[in-house]
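The values are calculated or read from the model by the stated rules, or taken from the named source; none is laboratory data. Just so we're clear, the structure is a prediction, and the values are computed from it rather than from any experiment. Note that we place each Cβ from the backbone using ideal geometry, even for glycine, and neighbour counts take in every protein chain shown.
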Amino acid sequence: MIPRRLPQILATVFGLVLFLLYFSSHPTARAINQLVVDSYWQIIFGFAILVGAFSFLKVNLQAIDRGDHRWYRLLSIIGLIAMPLTAIIWGRGGDSPFMWLFDNIQIPLQSTVFALLAFFVASASYRGFRARSLPATILLVAALAVLISRSTIGEYIWNQFPIITDWIRNYPSMAARRAILIGIGLGSLTTSLRVILGIERAWLGSGR
Amino acid sequence: MHWSYFIAVPDPTAWLDTSKLPVLVLACIAVALVLYTTYSRHGRDGFTVRKIAGLSAVEDAIGRATEMARPVLFTPGWGGDIQRPTTLASLNILSHIAEKTASFDCPLLFPTHDPVIMSVAQEVVRESYARSGFADRYRESDIQYVSSSQFGYAAAVDGLIARNKPAAIFLLGTFEAESLIFAETGNSVGAIQIAGTDSTIQLAFFIVACDYTLIGEELFAASGYLSSNRAILASVRAQDLLKLVLVAILVLAVIWATIDPTADWWKV
């Protein structure tokens, strides 16, 4: 029973202490806050990344053994081993193999995935901006107005476009956004309190 | 850090940072309301929770995946770590979804960018499977760490979606630029998608691209809604009462500012 209760006791104690320390600017309070939030977190993450890397290796090796997308898995494992290995052997200097791999493989791959977003914005807009109902029509009109005014051609078509879209962004859009943010803030607050007070324990995996 | 730092000469007046006093007062009101609604009988009973379409569709989505013999995919997004309330809310929902997938015998895939979240999620899912009486159906390799890099994670999750073709996708947590990549890939494989995030920018993408979107506090109320746990729902009621307090302060500030344009007490 104690091992199951221990994480909850730790969450309650650290949650309450850090909550109270937030309202203090005393050097001791700030030092404890920094120690727990920064240093403890780095120690936990340091161990967790080992668990993560081991899990990644295990999952991919098992999949290779099953013959499940063998080449992709093998490439993933080569990547996982090659990057730290080159950094350990030749360092991370400007012309090291590590930086060559980083600049010529990792960065272009990341840019490629990010570039997919442009196509996905177009396809999502095509599906989303259909005037099927009154709210969808309002969304379509507002989106078109903002889109036209933000492009260079907008002001040439009608010089009132920027004024109208600024109003849309600063008043109705901002009001809705702030209302959602207040809801999120209150939701975060009550979720944290539920966790600290032990009202909600599903995150521990030990019932509710 | 040297321990001598802790015994540095303290400034006794700084123990309470007076600039944060209004926040402390509001936090105390919030704690009092949550305690009252959760632990008093009057606070726990006598209220109903409105129907949330996205949460009502959870069971149908998992049932559909089971009938189609395709997995369910759940991912908490790249933007959050385990310290974030949104991630905790997401893991609470994962617990309920895992119970359903266990009893329906439907595989549950959980790729994540954070090894700490992976460890916690493995424990949450394992316990959920045990609670529903099907501990033998749990597969640790389905809860996997893929990459800490944002677009490495996005590519890995996209690959999982394209290869496994999940019939139900849950995008619940803190998302950044990867949100639309997931939602559009999920749409291309014909999955029912239920999304929710605390990022208002990504929320717009989810509303356009997903079947159901949990907006604002709905994400945080989800675990109470799914479990029908009165204690959790009572704290959701506290959220509404806090909202009323904020509305009262806003209305008062508007009236005050109209009468006295130089006043700015609400800026504290």
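Okay, residues lined up against (1) closer than 20 Å to B:Gly196 by Cα; (2) surrounded by 19 or more Cβ atoms within 10 Å (Cβ to Cβ); (3) within 9 Å of another protein chain (Cβ to nearest Cβ):
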| site | (1), (2), (3) |
| --- | --- |
| B:Asp114 | yes, yes, yes |
| B:Val124 | yes, yes, yes |
| B:Tyr129 | no, yes, no |
| B:Val146 | no, yes, yes |
| B:Gln150 | yes, no, yes |
| B:Ala154 | yes, yes, yes |
| B:Ala167 | yes, yes, no |
| B:Thr174 | yes, yes, no |
Looking only at the stretch B:233-245, decide whether some residue is within 10 Å of chain A (Cβ to nearest Cβ), surrounded by 20 or more Cβ atoms within 10 Å (Cβ to Cβ) and either in contact with a His (Cβ under 9 Å, 6 or more places away or on another chain) or over 29 Å from A:Glu200 (Cα atoms) (or both). no
Counting residues that are closer than 30 Å to B:Ser228 by Cβ and among the β-branched types (Val, Ile, Thr), which helices (runs of 4 or more DSSP H) fully inside the stretch A:143-208 reach at least 1? A:172-197
Restricting the search to the stretch A:1-54, which residues are within 25 Å of B:Ile143 (Cα to Cα), within 9 Å of another protein chain (Cβ to nearest Cβ) and either loosely packed, with under 12 Cβ neighbours inside 10 Å or β-branched (Val, Ile, Thr) (or both)? A:Ile44, A:Ile49, A:Leu50, A:Val51
Set B:Gly196, B:Gly224, B:Gly216: member being in a loop (DSSP other than H, G, I, E, B) and either modelled with pLDDT of 90 or more or within 23 Å of the chain's Cα centre (by Cα) (or both): B:Gly216
Those residues of the stretch B:179-190 that are more than 8 Å from every other protein chain (Cβ to nearest Cβ), buried (at least 24 other Cβ atoms within 10 Å of the Cβ) and over 17 Å from the mean Cα position of the chain (by Cα) come to a total of 2
Only one of B:Val236, B:Val189 is of a type in the set (Val, Ile, Thr), under 19 Å from B:Gly46 (Cα atoms) and touching a helix residue (DSSP H, G or I) at 6+ places or on another chain (Cβ under 9 Å), namely B:Val236
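Listed here are the residues, each with its yes/no results for (1) within 12 Å of chain A (Cβ to nearest Cβ); (2) under 19 Å from B:Ala183 (Cα atoms).
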position	(1), (2)
B:Leu33	yes, no
B:Ser40	no, no
B:Thr48	no, no
B:Gly54	no, yes
B:Glu59	no, no
B:Asp81	yes, no
Test set (1) of a type in the set (Gly, Ala, Ser); (2) more than 7 Å from every other protein chain (Cβ to nearest Cβ); (3) touching a helix residue (DSSP H, G or I) at 6+ places or on another chain (Cβ under 9 Å) - A:Gly187 fails condition number: (2)
Condition check: modelled with pLDDT under 90 and assigned to a helix (DSSP H, G or I). Does B:Ile255 satisfy that? no
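Let's see how each residue does on (1) among the hydroxyl-bearing types (Ser, Thr, Tyr); (2) loosely packed, with under 12 Cβ neighbours inside 10 Å; (3) modelled with pLDDT of 90 or more; (4) not in a helix (DSSP H, G or I):
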{"site": "A:Phe56", "(1), (2), (3), (4)": "no, no, yes, no"}
{"site": "A:Ile64", "(1), (2), (3), (4)": "no, no, yes, no"}
{"site": "A:Ser76", "(1), (2), (3), (4)": "yes, no, yes, no"}
{"site": "A:Gly94", "(1), (2), (3), (4)": "no, yes, no, yes"}
{"site": "A:Ala124", "(1), (2), (3), (4)": "no, no, no, no"}
Would the stretch B:223-237 turn up any residue that is within 14 Å of B:Leu73 (Cβ to Cβ) and basic (Lys, Arg)? no
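Whether any residue in the stretch A:128-142 is of a type in the set (Phe, Trp, Tyr) and either loosely packed, with under 15 Cβ neighbours inside 10 Å or assigned to a helix (DSSP H, G or I) (or both) is what I want to check.
Scanning the stretch A:128-142, I find no residue that is of a type in the set (Phe, Trp, Tyr) and either loosely packed, with under 15 Cβ neighbours inside 10 Å or assigned to a helix (DSSP H, G or I) (or both), so the answer is no.
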Could you count how many residues in the stretch B:156-165 are within 10 Å of chain A (Cβ to nearest Cβ) and either within 21 Å of the chain's Cα centre (by Cα) or not aliphatic (A, V, I, L, M) (or both)? 3
